[in-house]
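Student: Just dropping this structure here.
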Amino acid sequence: NLSGFSERNGSWYAEEIPLSDLASQFGTPLYIYSKKSLTEAFQAYDRACVDPTGHRRARIHYAMKANSNLAVIDCFKKLGAGFDLVSGGELARALAIGADPKSLVFAGVGKSADEIAQALQAGVKCINVESIAELHQINRVAQQLNCRAPISLRVNPDVDAQTHPYISTGLKGNKFGIAYHEVLKTYREAALLSQIDVVGIDCHIGSQITSTSPYLDALDKVLDLVEQLKKEGITIHHLDLGGGLGISYGSETPPDITEFTNTLLDHVAKRGFAYLDVVLEPGRSLVGNAGVLLTQVEYLKPGAEKNFCIVNAAMTELMRPALYEAYHAIVPVQNKNLKSLTYDIVGPVCESGDWLGKDRTLGIEEGDLLAILSAGAYGFVMASNYNTRPKPAEIMVDGDKAYVIRSRENTQDLFSSEARLPD
Ligand code: LLP
């Protein structure tokens, strides 16, 4: 769904605006999102969540860690999304846009007592529990606040999501979730705790997953548990299948959002669990292809072994290549029919790992603009200030209008909260 970004007569556009106009107006590096792309991706999921009779089979809780800009989450809220949160900070963002607390699910392997208290005070729909120790912590915090805590246990189903090891989360060697063989025992324990209400069950097996089969494996294992719990008198109301559906960065062919969602929901119904309230937590597949990072070529540096194209974006703006050797397509914003050469596209940061693309054949010259595609998910949110680099601005394009949704940081801001020792 790169629908919001297109090349027309050799120039790249965000919806109706040439990317080069955005660069002149707002400078580079610059994150640009398309409202149309966000909306279309959400609506594809949401349509598949409603069956032909109009009955809602599932709800989308956008995993805001993928891109938590207030304008982005507000768009999704207006389209009817709930949210998956992983920190007190993300909870504060959700509350700042007026999200209904009952549309919030709080996940994460290391929630602090303070964060648990904030979630309980806000009245979230559910806290997803990742260890027995955390379950007891939640019970204690709820006791202090004299309230009840709605919980779900995150099951580690031990399935291989066949993705990069850093973004695989459902294997027994991962830190996430409660080991499969301990889940029933933990539910029994939870049911006995004074402040705990068991409401759901959840799993999340990884990210950038490009086939449906690991989901079906995990789903079957989780439904087996729901069946067993029912026999024991522990009622599960909602089933949260996490996120993780991949996008195409280049050569991948992930399942289509509608087909994927239908396959999972049909399977839930076929096994007789249509009564469960299903939650899906997509992040990347809602925003990944709805954003690009715009950068400018500073220098071309030919070399004996490699030619380098040094741009003004770096691992500080987009960390995915440095961290996971992730591939992002990189295109010249204006095709000038120059002689092509093969370059490594690198940033100014003092690390050899600071690269954005390797062995890319491009016809470019100094001063040209490049667009790094599929940068809407895990892009800006993972940016850092390493090398005292101010974070870039973020723009949302809607038709022929561009809105600044985060202004560029300035250098003074970066150290204004620091202090020198007294003389
Ligand atoms: N739910 C839970 C519990 C999660 O941990 C995640 C992502 C999601 C939902 C959303 O997953 P998605 O649909 O976006 O795949 N920084 C990495 C990705 C880390 C994903 C972490 N968890 C990257 O840039 O590839």
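We did not get these values from a lab; they are worked out from the coordinates using the rules stated. In this text, all values refer to a predicted model and were calculated from it rather than measured experimentally. So basically every Cβ, Gly included, is an ideal-geometry build from the backbone, and we count neighbours across all protein chains shown.
Student: Using only the Cα atoms of the stretch 1-155, what are the Rg and Dmax in Å?
Tutor: That works out to 19.3, 64 Å for Rg and Dmax.
Student: Beyond 25 Å between alpha-carbons counts as too far, so tell me which of K111/K172; K102/K172; K125/K230; K175/K230; K78/K102; K175/K231 fall in that bin.
Tutor: Details: K111/K172 20 Å; K102/K172 31 Å; K125/K230 21 Å; K175/K230 28 Å; K78/K102 15 Å; K175/K231 29 Å.
In this structure, K102/K172; K175/K230; K175/K231 lie more than 25 Å apart at Cα.
Student: Okay, moving on. Only Lys, Arg, Asp and Glu count, each charged at its Cβ (+1, +1, -1, -1), so figure out the dipole size of the stretch 36-286 about its Cα centre, rounded to 20 debye.
Tutor: Here the stretch 36-286 has a charge dipole of around 440 debye.
Student: Right, here's the next one. Based on DSSP H runs of at least 4 residues, each adding -39500 (n - 2.57), what is the mean residue ellipticity at 222 nm of the chain after dividing by all its residues, to the nearest 500 deg cm²/dmol?
Tutor: -8500 deg cm²/dmol
Student: Could you tell me, in Å, what Rg and Dmax come out for the Cα atoms of the stretch 314-379?
Tutor: Rg then Dmax for the stretch 314-379, in Å: 11.9, 33.
Student: Output the relative contact order of the stretch 162-318, whole-number percent, from Cα pairs under 8 angstrom with separation of 6+ residues. Can you show the working numbers first?
Tutor: Working: 183 pairs, mean separation 30.4, N = 157.
Relative CO of the stretch 162-318 lands at 19 percent.
Student: In addition: Do you know the relative contact order of the chain, to the nearest whole percent, from alpha carbon pairs under 8 angstrom that are 6+ apart?
Tutor: In percent, rounded to a whole number, it is 19.
Student: Can you give me the orientation-averaged projected area of the convex hull built on the Cα atoms of the stretch 261-331, in nm²? Could you put the intermediate results ahead of the total?
Tutor: Values: hull surface 31.6 nm².
If you wrap the Cα atoms of the stretch 261-331 in a convex hull and average its projections, you get 7.9 nm².
Student: Would you compute the Debye intensity of the chain from its alpha-carbon atoms alone, equal scatterers and no solvent, and pass along log10 I(q)/I(0) at q = 0.07, 0.13, 0.14 Å⁻¹ to two decimals?
Tutor: Reported log10 I(q)/I(0), two decimals: -0.37, -1.12, -1.25.
Student: Strictly greater than 23 Å: what percent of every Cα pair in the stretch 94-205 meets that? Let's see the in-between values first.
Tutor: Numbers: 1829 of 6216 pairs.
Result for the distance tail: 29 percent.
Student: While we're here: Determine ³J(HN,Hα), in whole Hz, for all residues of the stretch 33-39 in sequence, where each value follows from phi through the Karplus function 6.51 cos²θ - 1.76 cosθ + 1.60 and θ = phi - 60°; x replaces Gly and Pro.
Tutor: Listing the rounded values in order: 10, 10, 5, 4, 5, 4, 5 Hz.
Student: Follow-up question, since we're still on this one. If packing is taken as the mean number of other Cβ atoms within 10 Å per residue, what is the order of 197-209, 315-327, 234-246, highest first?
Tutor: Top of the packing list down: 197-209, 234-246, 315-327.
Student: Sum up the charges of everything whose Cβ sits under 14 Å from the Cβ of N387, counting Lys and Arg as +1 and Asp and Glu as -1, but leave N387 out. Kindly include the intermediate steps, with their values, before the conclusion.
Tutor: Details: positive: R389, K391; negative: E317, E351, D354, E409.
Charge balance near N387 sits at -2.
Student: Something else about it: Residue by residue through the stretch 386-403, what is 3J(HN,Hα) from phi via Karplus (6.51 cos²θ - 1.76 cosθ + 1.60, θ = phi - 60°)? Round to whole Hz and write x for glycine and proline.
Tutor: 3, 6, 6, 9, x, 6, x, 7, 10, 10, 10, 9, 10, x, 9, 10, 10, 10
Student: From the backbone phi of the stretch 62-73, what are the Karplus-calculated ³J(HN,Hα) couplings (6.51 cos²θ - 1.76 cosθ + 1.60, θ = phi - 60°) in whole Hz, Gly and Pro given as x?
Tutor: Once rounded to whole Hz, the list reads 4, 7, 5, 4, 5, 5, 9, 3, 4, 5, 5, 5.
Student: Suppose every Lys and Arg Cβ carries +1 and every Asp and Glu Cβ carries -1, with no other charges. What dipole size does the chain come out with about its Cα centre, to the nearest 20 debye? If you can, show how the numbers build up before the last one.
Tutor: Details: 40 positive and 51 negative charges, 135 e Å.
Charge dipole of the chain: 640 debye, to the nearest 20.
Student: Starting from the Cα-Cα distance between A96 and E252, subtract it from 0.36 nm times their residue separation and give me the gain in nm to one decimal. Intermediate values should be presented prior to the final figure.
Tutor: Values: separation 156, 0.36 × 156 = 56.16 nm, distance 3.62 nm.
Here the answer is 52.5 nm.
Student: Which percent, to the nearest 5, of DSSP beta bridges fully inside the stretch 36-286 are antiparallel? Display every interim value, and only then the final one.
Tutor: Details: 2 of 31 bridges.
Beta bridges within the stretch 36-286, antiparallel portion: roughly 5 percent.
Student: Can you list, bin by bin at 10 Å, the percent of alpha carbon pairs in the stretch 36-286, starting at 0?
Tutor: For the stretch 36-286, the binned pair fractions read 7, 33, 39, 19, 2, 0 percent.
Student: Take the Cα radius of gyration of the stretch 247-378 and divide it by 2.2 N^0.38 Å, with N its residue count; two decimals is plenty.
Tutor: Numbers: Rg = 19.4 Å, N = 132, 2.2 N^0.38 = 14.1 Å.
Dividing the Cα Rg of the stretch 247-378 by 2.2 N^0.38 Å gives 1.38.
Student: Taking the Cβ of E40 as the centre, find all other residues whose Cβ is under 12 Å away and add up their charges (Lys, Arg: +1; Asp, Glu: -1).
Tutor: So the surrounding residues net to +1.
Student: Which net charge results when you count Lys and Arg as +1 and Asp and Glu as -1 among the other residues whose beta-carbon is under 14 Å from that of D21? Could the numbers behind the result be given before it?
Tutor: Numbers: positive: R8, K401; negative: E15, E16, D400.
Its environment carries a net charge of -1.
Student: Among 350-363, 212-225, what's the highest-first ranking by average C-beta atoms within 10 angstrom per residue?
Tutor: Values: 350-363: 15.1, 212-225: 18.7.
Put in order of decreasing packing, that is 212-225, 350-363.
Student: Next up: Starting from the Cα of K336, draw a straight line to each of the aspartates and glutamates and keep only those under 16 Å, dropping any in the same chain fewer than 8 residues away.
Tutor: Correct list for K336: E7, E365, E366, D368.
Student: Provide, as a two-decimal number, the C-alpha radius of gyration of the stretch 300-411 over 2.2 N^0.38 Å, N being how many residues it has.
Tutor: Numbers: Rg = 14.6 Å, N = 112, 2.2 N^0.38 = 13.2 Å.
My calculation over the Cα atoms of the stretch 300-411 gives 1.10.
Student: Considering the Cα trace of the stretch 27-70, what is its radius of gyration and what is Dmax, both in angstroms?
Tutor: Answer for the stretch 27-70, Rg first and Dmax second: 14.4, 49 Å.
Student: Here's something else I'd like to know. Could you work out how far the C-alpha centroid of the stretch 43-110 sits from that of the stretch 255-297, in angstrom?
Tutor: Each part reduced to its Cα centre gives a spacing of 12 Å.
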